[in-house]
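J.: Handing you this structure, nothing more for now.
The values are calculated or read from the model by the stated rules, or taken from the named source; none is laboratory data. Here the structure is a predicted model, which is why all the values come from computation and not from measurement. With ideal geometry, Cβ positions are generated from the backbone for all residues, glycine too; neighbour counts draw on all protein chains shown.
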Amino acid sequence: MSAAASTGVPAPEWLISEERITVPDALAAMEARVAGIRAGTAGEAVWLVEHPPSYTAGTSARAEGLLDTRFPTFDAGRGGQWTYHGPGQRTAYVMLDLTRPHGAVPARDVRAYVHGLEEWMIRALDRFNIRGERREGRVGIWVADRATGREAKIGAIGVRVSRWVSWHGIALNVEPDLSHFGGIVPCGISEHGVTSLHALGIPATMEEADSALMSAWAEVFGG
């Protein structure tokens, strides 16, 4: 029996936007949904989107981390530093009531929740035979980039928790234009590169990436 079923709480609603969503529209929609979850008038949700090319600043972002203003910039209100969002990248906004446990993630434990997001991406990547790994002192999921011989980030994490309801989430690079990351110091880390499924030789579609994320979800968060 899943964690959601055992507690009588429905699994999160999965939402997939076919159109590209601007960052301000995404922030407004998340804020409204989070308020509904907190008030008990809306259910939990995982929202899968693509954004137009954008740079977003987390609460730790520094001005010198923005190297090029070719794309719109936005204050995201999440943790972390600068992040790029754009076509070919699957952003998953995760809105959960963290006052209750979710699978292997206990209630009211933000560190365990972030660990769960990392594990979710690692398990989704495993479905493409890609070994994703954590690195001490570095946020996100990292892989060995055989083309460059360097470690490279394939997935970013940035969260916000408002009165124990989560928002923001993860960004998985499926087939973005990797040159667009050159306008920022991604997550404040300049000595390592950025990669994607396609750059690693995995020609996955966005639908296949979504399927991997959805199937890996229950292994970590239940439901």
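J.: Take ALA152 and tell me if it is touching a residue at least 24 places away in the same chain (Cβ under 8 Å) and either on the phi > 0 side of the Ramachandran plot or among the small types (Gly, Ala, Ser) (or both). Please lay out each step first, then the result.
T.: Details: touching a residue at least 24 places away in the same chain (Cβ under 8 Å): yes; either on the phi > 0 side of the Ramachandran plot or among the small types (Gly, Ala, Ser) (or both): yes.
Spelling it out, ALA152 is indeed touching a residue at least 24 places away in the same chain (Cβ under 8 Å) and either on the phi > 0 side of the Ramachandran plot or among the small types (Gly, Ala, Ser) (or both).
J.: Those residues that are of a type outside the set (Val, Ile, Thr), in contact with a His (Cβ under 9 Å, 6 or more places away or on another chain) and either exposed (fewer than 15 other Cβ atoms within 10 Å of the Cβ) or over 16 Å from ILE154 (Cβ atoms) (or both), I need them from segment 81-94; list them, please. I'd like the intermediate steps shown before the answer.
T.: First pass over segment 81-94, keeping only residues of a type outside the set (Val, Ile, Thr): 81-82, 84-90, 92-93.
Keeping just the survivors that are in contact with a His (Cβ under 9 Å, 6 or more places away or on another chain) gives 84-89, 93.
If the condition is that a residue be of a type outside the set (Val, Ile, Thr), in contact with a His (Cβ under 9 Å, 6 or more places away or on another chain) and either exposed (fewer than 15 other Cβ atoms within 10 Å of the Cβ) or over 16 Å from ILE154 (Cβ atoms) (or both), then PRO87, TYR93 are the ones that fit.
J.: Does VAL139 meet the test of being in contact with a Cys (Cβ under 7 Å, 6 or more places away or on another chain) and either modelled with pLDDT of 95 or more or not acidic (Asp, Glu) (or both)? Walk me through how you get there before you give the answer.
T.: Numbers: in contact with a Cys (Cβ under 7 Å, 6 or more places away or on another chain): yes; either modelled with pLDDT of 95 or more or not acidic (Asp, Glu) (or both): yes.
Yes; evaluated as a whole, the condition is true for this residue.
J.: Which one of these is under 23 Å from GLY79 (Cβ atoms), without any contact (Cβ under 8 Å) to a residue 24 or more places away in the chain and not in a helix (DSSP H, G or I): ILE157, ILE141? Working first, answer last.
T.: Details: ILE157 fails: without any contact (Cβ under 8 Å) to a residue 24 or more places away in the chain.
The match here is ILE141.
J.: What are the residues in segment 168-207 that are surrounded by fewer than 20 Cβ atoms within 10 Å (Cβ to Cβ), in contact (Cβ under 8 Å) with a residue 12 or more places away in the chain and in a helix (DSSP H, G or I), if any?
T.: Hits for segment 168-207 are LEU178, GLY182, GLY183, GLY188, MET206.
J.: Within segment 95-122, track down each residue that is within 16 Å of TRP142 (Cα to Cα) and crowded, with 18+ Cβ neighbours inside 10 Å.
T.: The first filter runs over segment 95-122 and keeps only residues within 16 Å of TRP142 (Cα to Cα), leaving 114-122.
If the condition is that a residue be within 16 Å of TRP142 (Cα to Cα) and crowded, with 18+ Cβ neighbours inside 10 Å, then VAL114, GLY116, LEU117, GLU118, GLU119, TRP120, MET121, ILE122 are the ones that fit.
J.: So, in segment 15-61, of the ones that are among the aliphatic types (A, V, I, L, M) and either over 17 Å from the mean Cα position of the chain (by Cα) or part of a loop (DSSP other than H, G, I, E, B) (or both), which residue ends up modelled with the lowest pLDDT? Quick ask: steps written out before the conclusion?
T.: Taking segment 15-61 and keeping what is among the aliphatic types (A, V, I, L, M), we get 15-16, 21, 23, 26-30, 32, 34-35, 37, 39, 42, 45-46, 48-49, 57, 61.
Narrowing further to those that are either over 17 Å from the mean Cα position of the chain (by Cα) or part of a loop (DSSP other than H, G, I, E, B) (or both): 21, 28, 32, 35, 37, 39, 42, 61.
On the way: ILE21: 98, ALA28: 98, ALA32: 98, ALA35: 98, ILE37: 98, ALA39: 97, ALA42: 98, ALA61: 92.
Restricting to residues being among the aliphatic types (A, V, I, L, M) and either over 17 Å from the mean Cα position of the chain (by Cα) or part of a loop (DSSP other than H, G, I, E, B) (or both), the top hit is ALA61.
J.: Output yes when any residue across segment 74-97 is part of a strand (DSSP E or B), closer than 19 Å to TRP217 by Cα and over 14 Å from the mean Cα position of the chain (by Cα), and no when none is.
T.: Residues of segment 74-97 that are part of a strand (DSSP E or B), as a first pass: 74-75, 82-85, 89-95, 97.
With the extra rule that they be closer than 19 Å to TRP217 by Cα, the set shrinks to 89-95, 97.
Checking the rest, the ones that are also over 14 Å from the mean Cα position of the chain (by Cα) come to 97.
Yes, that holds for at least one residue.
J.: Under 7 Å between Cβ atoms, at least 6 apart or on separate chains: pull out the pairs that start in segment 208-220 with a residue that is over 9 Å from ARG123 (Cβ atoms) and end on any residue that is at pLDDT below 95 and surrounded by fewer than 19 Cβ atoms within 10 Å (Cβ to Cβ).
T.: These pairs meet every condition: ALA218/SER2.
J.: Here is a list: ARG90, ARG38. Which entry is in contact (Cβ under 8 Å) with a residue 60 or more places away in the chain and in contact with a Leu (Cβ under 6 Å, 6 or more places away or on another chain)?
T.: Working: ARG38 fails: in contact with a Leu (Cβ under 6 Å, 6 or more places away or on another chain).
Result: ARG90 is the single residue among ARG90, ARG38 that is in contact (Cβ under 8 Å) with a residue 60 or more places away in the chain and in contact with a Leu (Cβ under 6 Å, 6 or more places away or on another chain).
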